[in-house]
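Presented below is the structure to which this report refers.
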Amino acid sequence: MKTIRIPARSMYYGTPVALVCTENSDGSDNLTPMSSSWSLRDFLVLGLGSASQAMENLRHRPRLTVNLPSAEMWESIERIAAFTGKNPVPDHKAGQFSYCRDKFEVAGLTRLTSTEGGPSRVAECPIQIEAVVNTMTDVSDDPEGFSVIIAKAIVLHAAVGIINETSGQIDPAKWDPLVFSYRTYHGLGPELGCMARSVRS
Ligand SMILES: Cc1cc2nc3c(=O)[nH]c(=O)nc-3n(C[C@H](O)[C@H](O)[C@H](O)COP(=O)(O)O)c2cc1C
């Protein structure tokens, strides 16, 4: 395979979109679209801009919900892509972002009360994870820097429609996550194969 060198500023090579809900200081909630995340067992690792309202909230109130939209929801996410819950808008985002008090409303999404006392869930998302911050590392304190959050899941709520009736687990044939790849939105294509090793649930 022939390769070429290209600038490596943004390597959004294809990860699921999540809507992270956090609590503002006045008790209202804020919804942050993000895609720099991965999970291992019942921990989630999230990369969030240092100057985001999500980070501001998590520094003071370390509870969150991580809501995973299905591919068909991409336009709801795109409706809130140019907003921040931070007021005033940080200087480095001022040209491209505006303040939004209620991103649920702009996205056309519905709040669902969390069962464990944290911020709202997003009713339309087939997977909703209530979590608490475990560790938080500031990679850079420059306004354009970011932080790495490790959060521990407390409970996972899954829509009945994506559950396999036999196993009681999420059925990958029924779950179509929204994937963000090089600034474009995608669903999953058809299954290519299955891991041979059996996995404990
Ligand atoms: C599809 C998508 C993926 C994004 N991924 C991330 C991400 O992984 N981390 C991040 O900090 N911002 C990400 N953003 C940008 C934030 O949503 C944006 O900075 C927003 O203003 C933050 O909102 P907040 O300030 O209200 O928390 C993404 C935006 C979109 C639309």
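What follows is calculated from the coordinates using simple rules that are stated; it is not laboratory data. Everything quoted here is computed from the prediction, not taken from an experiment. Quick reminder, even Gly has a Cβ in these numbers, built from the backbone with ideal geometry, and neighbours come from all protein chains shown.
What to note about this one:
- Restricting segment 70-86 to residues that are in a loop (DSSP other than H, G, I, E, B) and near the ligand (Cβ under 7 Å from one of its atoms), the residue that is farthest from Glu124 (Cα to Cα): Lys86
- Boolean, Leu178 is crowded, with 16+ Cβ neighbours inside 10 Å and in contact (Cβ under 8 Å) with a residue 40 or more places away in the chain: yes
Rundown of residues vs (1) in contact with a helix residue (DSSP H, G or I) (Cβ under 6 Å, 6 or more places away or on another chain); (2) over 23 Å from Thr110 (Cβ atoms); (3) crowded, with 18+ Cβ neighbours inside 10 Å, yes/no style:
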site	(1), (2), (3)
Leu48	yes, yes, yes
Arg61	no, no, no
Leu64	no, no, yes
Asn67	no, no, yes
Met73	no, no, yes
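- Selection count, segment 13-37, where residues are within 25 Å of Trp175 (Cβ to Cβ) and more than 11 Å from the ligand (Cβ to nearest atom): 2
- Single residue of segment 98-116 satisfying the filter (touching a strand residue (DSSP E or B) at 6+ places or on another chain (Cβ under 6 Å) and closer than 21 Å to Leu178 by Cβ) that is surrounded by the most Cβ atoms within 10 Å (Cβ to Cβ): Leu109
- Check on Ala158, surrounded by 14 or more Cβ atoms within 10 Å (Cβ to Cβ), under 17 Å from the mean Cα position of the chain (by Cα) and free of Cβ contacts under 8 Å to residues at least 60 places away in the same chain: yes
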